[in-house]
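Notes follow the structure.
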Amino acid sequence: MIRLLRSFLSTTIKCCIAIPLYYQYKLWGNNKRKTNKAVVIQLKHPHFKRYLYLFIKFLYLEGYTIYIKPNFITFYNLKTDQFCTYLFSEKIICVDKPPKNIKTIVLDETVLNANYFEAPKTAAAYHVPMSQHPLMYKENWWNAPITDAKRKQSLFMAGNFDESTYSVIEKDNVFDTISRLGIYSFLANKQLLYPIDSLQKLDDFYASAIDYKIILLNRLQLNVPMDELRHWLAKFDFYFALPGVVMPFSHNIIEAMSVGCIPFIQQSYADMFSPPLIHHKQVLTFTDITDLEDKIKYLFALDSQKIQEMRNEVYTYYNNYLTPTKVVQNLEKANFKNIYLQAEHYSVALFKESEKV
């Protein structure tokens, strides 16, 4: 009884918050674009968060008009999420009923499945791939032209190394993955990291004759602005594709691949891509921590012809599977059925539950 009362009060409060915001957007912010391709978003639960924003943004970029039905809870869930709120600030969402004379695709929980890691990777199930960070698409940095300059044959990564956050994946032991903290600690103890603590020193390193170094920039100490990130990635041959918070997938590998930076990645992580990333083709892989140092020496010894061949394969993979255009084309091939969409923590929780059975 108490649980039902709490649920009722929670729903009531959300509706009270959403109603004025809903009508305000409908009157002054509503998307007016009308196309012959329509998608209706009809979700009860806020599980997908940033991945829903990316999913909808890709559809919008490919000419779909995005509708949500007059549902205050759906509106509340979208409006209060850190990234889904971009759908309103960018005026992507249309709060209205789609025209009756066009075919409408309804996307709800019967179509969008959060059980991303449990579902078999078959032709009957489309796994929406990892994307760049949402801000990359919001600000149109994701495909900004990059100058084709000489690259360092060094191993580069810029990201967050917060201990309380990025130790979770190894503690959970759900995936056969070394955390980014574990790798950072191993390399630091071996004194294999090249220290850089400012963008000026990063610029100086690039301009120097020094090469064959491992550079892991901790965002908590040196933050590379997101609008400059792909610019810096394009100056390196190799990217250290370290895992995310609760799952191996992280947006940084997609940003690196978008500029032809070759991922250096744990084999178990590479295998999770659909199709898998292949060692010595699009990526170079290591199996575990004991294998790490030797594989780094190996990539530093690669000749320029092999590096260029691999870079071309990285571009091919990215352009075939990871761009908004290709994601939407693959959704259309799947007839918008059996779509597995990341929900990060929630997807991992579902996977944990399935592993207990």
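Connecting C-alpha atoms closer than 10 Å in a GNM of the chain, tell me which of Gln200, Gln282, Gln153 has the biggest fluctuation.
Ranking Gln200, Gln282, Gln153 by mean-square fluctuation puts Gln200 first.
Which whole-Hz couplings ³J(HN,Hα) result when phi for each residue of segment 134-150 is put into the Karplus expression 6.51 cos²θ - 1.76 cosθ + 1.60, θ = phi - 60°, listed in order with x for Gly and Pro?
Working through the residues one at a time gives x, 4, 4, 7, 4, 9, 6, 8, 4, 10, 4, x, 10, 5, 7, 10, 4 Hz.
Can you list residues whose amide H is under 5 Å from Phe240's amide H, if they're 5+ apart or on another chain and H is modeled 1.01 Å from N?
Here Phe156, Met157, Phe264 satisfy the definition.
If each residue's Cβ is checked for other Cβ atoms within 10 Å, how do Leu350, Leu199 rank with the fewest at the top? The partial results should precede the final answer.
Values: Leu350 19, Leu199 15.
Listed from fewest to most nearby Cβ atoms, that is Leu199, Leu350.
What GluC sites (Glu not before Pro) does segment 56-110 have in DSSP loop regions with at most 13 other beta carbons within 10 Å? Before the final figure, lay out the partial values.
Values: sites: Glu62, Glu90, Glu109; in loops: Glu62, Glu90, Glu109.
Answer by residue number: Glu109.
As a test of the formula, what do you get for the chain when each DSSP H run with n ≥ 4 contributes -39,500 (n - 2.57) and the sum is divided by the residue count, at 222 nm and rounded to the nearest 500 deg cm²/dmol?
-11500 deg cm²/dmol
List every residue whose amide H lies under 5 Å from the amide H of Tyr67, counting only residues 5 or more places away in sequence or on a different chain, with H placed 1.01 Å from N in the peptide plane.
For Tyr67, the qualifying residues are Val39, Val40, Ile41, Cys94.
For the chain, what are the DSSP H helices with axial Cα length of 27 Å or more and mean Kyte-Doolittle hydropathy of at least -1.0? The partial results should precede the final answer.
Numbers: long enough: 2-24 (34 Å, 0.83).
Span-like helices here: 2-24.
Starting at the first residue of segment 106-111, write each ³J(HN,Hα) from the Karplus equation 6.51 cos²θ - 1.76 cosθ + 1.60 with θ = phi - 60°, in whole Hz, x for Gly and Pro.
9, 10, 10, 5, 7, 9
Go through Lys138/Lys295; Lys100/Lys352; Lys190/Lys352; Lys171/Lys337; Lys152/Lys281; Lys69/Lys326 and tell me which ones have a Cα-Cα distance over 31 Å in this structure. If you can, show how the numbers build up before the last one.
Numbers: Lys138/Lys295 36 Å; Lys100/Lys352 42 Å; Lys190/Lys352 34 Å; Lys171/Lys337 35 Å; Lys152/Lys281 19 Å; Lys69/Lys326 27 Å.
Beyond 31 Å: Lys138/Lys295; Lys100/Lys352; Lys190/Lys352; Lys171/Lys337.
Do any trypsin sites (Lys or Arg not before Pro) in segment 27-89 lie in a DSSP loop with no more than 13 other beta carbon atoms within 10 Å, and if so, which?
Details: sites: Lys32, Arg33, Lys34, Lys37, Lys44, Lys49, Arg50, Lys57, Lys79; in loops: Lys32, Arg33, Lys34, Lys37, Lys44, Lys49.
Passing sites in segment 27-89 are Lys32, Arg33, Lys34, Lys44.
Amide H neighbours of Val111 under 5 Å, at least 5 residues apart or on other chains, H built in the peptide plane: list them.
none
For segment 113-222, what does the alpha-carbon gyration tensor say about shape, rounded, prolate or oblate, given a ≥ b ≥ c as the root eigenvalues, a/c under 1.5 as rounded, and a/b over b/c as prolate? Please list the in-between numbers first.
Numbers: a/c = 2.21, a/b = 1.37, b/c = 1.61.
Oblate is the answer for segment 113-222, as a/c is 1.5 or above yet b/c matches or exceeds a/b.
Rounded if a/c is under 1.5, else prolate if a/b is larger than b/c, else oblate: which is segment 144-322, with a ≥ b ≥ c the root eigenvalues of its Cα gyration tensor? Intermediate results must be reported in sequence, preceding the final value.
Numbers: a/c = 1.35, a/b = 1.10, b/c = 1.23.
Rounded shape, in that the Cα axes give a/c under 1.5.
Mind sorting Phe156, Phe336, Phe286, Phe351 by how few other Cβ atoms lie within 10 Å of their own Cβ, fewest first?
Numbers: Phe156 26, Phe336 16, Phe286 23, Phe351 19.
Ordered by Cβ neighbours within 10 Å, fewest first: Phe336, Phe351, Phe286, Phe156.
Which whole-angstrom value gives the distance between the alpha carbon centres of segment 194-220 and segment 60-90?
40
Mind running the shape call on the chain? Use the C-alpha gyration tensor, a ≥ b ≥ c as the square roots of the eigenvalues: rounded below 1.5 for a/c, prolate if a/b tops b/c, oblate otherwise.
Values: a/c = 1.90, a/b = 1.70, b/c = 1.12.
Prolate shape, in that a/c is at least 1.5 and a/b is the bigger ratio.
Are there trypsin sites (Lys or Arg not before Pro) in segment 105-186 that DSSP puts in a loop and that have at most 15 other Cβ atoms within 10 Å, and which ones? Don't skip to the answer; put the middle values down first.
Details: sites: Lys121, Lys138, Lys150, Arg151, Lys152, Lys171, Arg180; in loops: Lys121, Lys150, Arg151.
Sites meeting the loop and neighbour criteria: Lys121, Lys150.
Rule-based calculations on the coordinates, nothing more; no lab input. These numbers were taken from a predicted model, which means no experiment stands behind them. Positions of Cβ are backbone-derived with ideal geometry, glycine not excepted, and every protein chain shown enters the neighbour counts.
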